[in-house]
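J.: Could you have a look at this structure, given as structure tokens, before my questions?
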Amino acid sequence: MMGGAWFEKYFGNCSSEEHLRTTALKYVNEILCINEDPRACNVSILKDCIPQYVIGHAQRLTRIHDYISEHKIPLGLCGSSYHGVGVSDVILSAKEAVSNINQHML
């Protein structure tokens, strides 16, 4: 995964899939010391699909969670906008949200 909010800064407005593939393989070689060509490679350009947290995100979430807890609101926040962008992060945040709601309902 490359780019995010800085995609255009590093790759321009309309980078080719081949350019992105070459760039990715270059850094795999430099950083991971893997020199072999991949057996398969799929490049997909997806824009605006993964949240990028701004400075203060964690503190904002703490305030929101504290408010929900203090007022005993049966509400849980889960999803990639809150506690991680990966699938496993989203699953974990959903489990924790359900657990928190159940604790407040007892």
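J.: Of the residues that sit in the stretch 10-64 and are in contact with a Gly (Cβ under 8 Å, 6 or more places away or on another chain) and assigned to a helix (DSSP H, G or I), which one is surrounded by the fewest Cβ atoms within 10 Å (Cβ to Cβ)? Can you show your working first?
T.: So in the stretch 10-64, the residues in contact with a Gly (Cβ under 8 Å, 6 or more places away or on another chain) come out as 10-11, 50, 52.
With assigned to a helix (DSSP H, G or I) added as a condition, the list becomes 10-11.
Numbers: Tyr10: 11, Phe11: 16.
Looking at the filtered set, the residue picked out is Tyr10.
J.: Out of the stretch 18-69, which residues are aliphatic (A, V, I, L, M) and touching a helix residue (DSSP H, G or I) at 6+ places or on another chain (Cβ under 6 Å)? Spell out how you get there, then give the answer.
T.: Residues of the stretch 18-69 aliphatic (A, V, I, L, M): 20, 24-25, 28, 31-32, 34, 40, 43, 45-46, 50, 54-55, 58, 61, 64, 68.
Matches in the stretch 18-69: Ile34, Val43.
J.: Given Val43, Val54, which one is at pLDDT below 90 and among the aliphatic types (A, V, I, L, M)?
T.: Details: Val43 fails: at pLDDT below 90.
Within the list Val43, Val54, the selection yields Val54.
J.: While we're looking at this one, here's another question. Of all residues in the stretch 65-80 being assigned to a loop (DSSP other than H, G, I, E, B) and under 22 Å from the mean Cα position of the chain (by Cα), which is farthest from Ala5 (Cα to Cα)? Lay out the reasoning, then the answer.
T.: Applying the first criterion (assigned to a loop (DSSP other than H, G, I, E, B)) to the stretch 65-80 yields 71-80.
When the remaining residues are screened for being under 22 Å from the mean Cα position of the chain (by Cα), the result is 76-80.
Values: Gly76: 28, Leu77: 24, Cys78: 22, Gly79: 19, Ser80: 16 Å.
Per the criteria, the residue is Gly76.
The values are calculated or read from the model by the stated rules, or taken from the named source; none is laboratory data. Bear in mind that the values here come from a model prediction, so they are computed numbers and not experimental data. In this analysis, Cβ positions are derived from the backbone assuming ideal geometry, glycine residues included, and neighbour counts consider all displayed protein chains.
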